[in-house]
1. Is it true that some residue in region 125-133 is surrounded by fewer than 19 Cβ atoms within 10 Å (Cβ to Cβ), touching a strand residue (DSSP E or B) at 6+ places or on another chain (Cβ under 7 Å) and closer than 21 Å to L216 by Cβ?
2. Quick check, is I167 buried (at least 23 other Cβ atoms within 10 Å of the Cβ), farther than 20 Å from D135 by Cα and either in contact with a strand residue (DSSP E or B) (Cβ under 7 Å, 6 or more places away or on another chain) or of a type in the set (G, A, S) (or both)?
3. Any residue that is within 16 Å of the ligand (Cβ to nearest atom), under 24 Å from D275 (Cα atoms) and acidic (D, E) - is there at least one of those in region 153-166?
4. Quick check on my filter: what residues within region 223-243 are at positive phi and either touching a residue at least 24 places away in the same chain (Cβ under 8 Å) or surrounded by 17 or more Cβ atoms within 10 Å (Cβ to Cβ) (or both)?
5. For G220, indicate whether it is modelled with pLDDT of 95 or more and either within 16 Å of the ligand (Cβ to nearest atom) or out of contact with any strand residue (DSSP E or B) (no Cβ under 9 Å at 6 or more places or on another chain) (or both).
6. Please determine, by comparing only the residues of region 81-122 that are in a helix (DSSP H, G or I) and either acidic (D, E) or touching an Asp or Glu at 6+ places or on another chain (Cβ under 6 Å) (or both), which one is farthest from the ligand (Cβ to nearest atom).
7. Which ones in region 123-143 are near the ligand (Cβ under 7 Å from one of its atoms) and either free of Cβ contacts under 8 Å to residues at least 24 places away in the same chain or charged (D, E, K, R) (or both)?
8. Does L199 qualify as being part of a helix (DSSP H, G or I) and touching a strand residue (DSSP E or B) at 6+ places or on another chain (Cβ under 9 Å)?
Amino acid sequence: MTDHPLQAWRDTLEDLGVMGLVREPMAAPEPIPAPPGPRPADLRLGLRPASNPVAQRPVPPRPSSAPPTAYVRPTDPIGCPPPEAVAAAATLADLERAVQGCLACPLGPGRLKFVFGEGDPEARLMFVGEGPGRDEDLQGRPFVGKAGELLDKMIGAIGLKREDTYIANVVKCRPPDNRTPAPEEARACLGYLHRQIELIQPAVIVTLGATPLRELVGVGEGITKVRGQWKRVRIAGREIPVMPTFHPAYVLRQYTQDVRRAVWEDLKAAKEWVDKAAEDQGLKTED
Ligand code: URA
């Protein structure tokens, strides 16, 4: 029964990206060993202490049992960029031009702006979030609201700038009420993310929250359980290490030392791997 209080609680937790209680754990790929080397013991996110006003604000009640908008595949193919155009895009700019008018799922008609993604087209570190929120929908840029401010700080804490990385989402159009994208919506958009990854060729992908981990990597276990454990995704024949961590919006809501430390550890591990990959290629590292 969808209106059972436990169901509502579960929906809320899943919206926060914190649990997968009802999902069967999927077989995890072989873990990729973390690069050797000492780790600074302390949390250094450069964030305000736990008096963060955003964290203290009560979380507004969500319509917990409302099902996502039913997915209807458009019969008019004009709204769907042909897969050949996606495959033929030789640059991120080409790809953005090819897909920015997309109406392949019900999220398309509801958007204000298409949020393609942004950053260094040759970034070695790529972040993948869930989907645009209100601020992103207004500006057409990923992670520019409160969660984005925190993501910028998280990136700064590992010695990088936002523009050194590439930031994208599973879905490029805002889901109504910021709900989790339906699997069909994610699937309709996933080819664009795959092509972005193929063009960027990052050394490491950091997934933010449960949705990109599930939709991009195929790992449906709860994010609290699997964060910090290396996964991998194969895109166009190339295997890319994936570090799952908490979504910054979750960090803002659970602004505890433990959660911040966990994110710091995850990003540090990702950065160490990026540096190791760069060293292996004889490239200069970025600190
Ligand atoms: N949350 C996301 O997952 N992506 C954004 O771009 C903004 C907020």
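The values are calculated or read from the model by the stated rules, or taken from the named source; none is laboratory data. Please read these numbers as outputs of a predicted model, since none were measured by experiment. Here Cβ is always computed from backbone atoms with ideal geometry, including for glycine, and neighbour counts include all displayed protein chains.
1. So the first thing to find is which residues in region 125-133 are surrounded by fewer than 19 Cβ atoms within 10 Å (Cβ to Cβ), and the list is none.
The answer is no, given that none of the residues of region 125-133 is surrounded by fewer than 19 Cβ atoms within 10 Å (Cβ to Cβ), touching a strand residue (DSSP E or B) at 6+ places or on another chain (Cβ under 7 Å) and closer than 21 Å to L216 by Cβ.
2. Details: buried (at least 23 other Cβ atoms within 10 Å of the Cβ): yes; farther than 20 Å from D135 by Cα: no; either in contact with a strand residue (DSSP E or B) (Cβ under 7 Å, 6 or more places away or on another chain) or of a type in the set (G, A, S) (or both): yes.
Here the answer is no, as I167 does not meet what is asked.
3. Yes, region 153-166 contains at least one residue that is within 16 Å of the ligand (Cβ to nearest atom), under 24 Å from D275 (Cα atoms) and acidic (D, E).
4. Kept after step one, since they are at positive phi, are these residues of region 223-243: 228, 236-237.
G228, A236, listed by residue number.
5. Details: modelled with pLDDT of 95 or more: yes; either within 16 Å of the ligand (Cβ to nearest atom) or out of contact with any strand residue (DSSP E or B) (no Cβ under 9 Å at 6 or more places or on another chain) (or both): yes.
Answer is yes for this residue.
6. From region 81-122, those in a helix (DSSP H, G or I) are 83-88, 92-99, 108-110; that's our starting set.
Then keep just the ones that are either acidic (D, E) or touching an Asp or Glu at 6+ places or on another chain (Cβ under 6 Å) (or both); that gives 84, 94, 96.
Details: E84: 28, D94: 22, E96: 15 Å.
This residue is E84.
7. Start the filter on region 123-143 by keeping residues that are near the ligand (Cβ under 7 Å from one of its atoms), which leaves 129-133, 136, 142-143.
Answer for region 123-143, where residues must be near the ligand (Cβ under 7 Å from one of its atoms) and either free of Cβ contacts under 8 Å to residues at least 24 places away in the same chain or charged (D, E, K, R) (or both): E130, E136.
8. Details: part of a helix (DSSP H, G or I): yes; touching a strand residue (DSSP E or B) at 6+ places or on another chain (Cβ under 9 Å): no.
The answer is no for L199.
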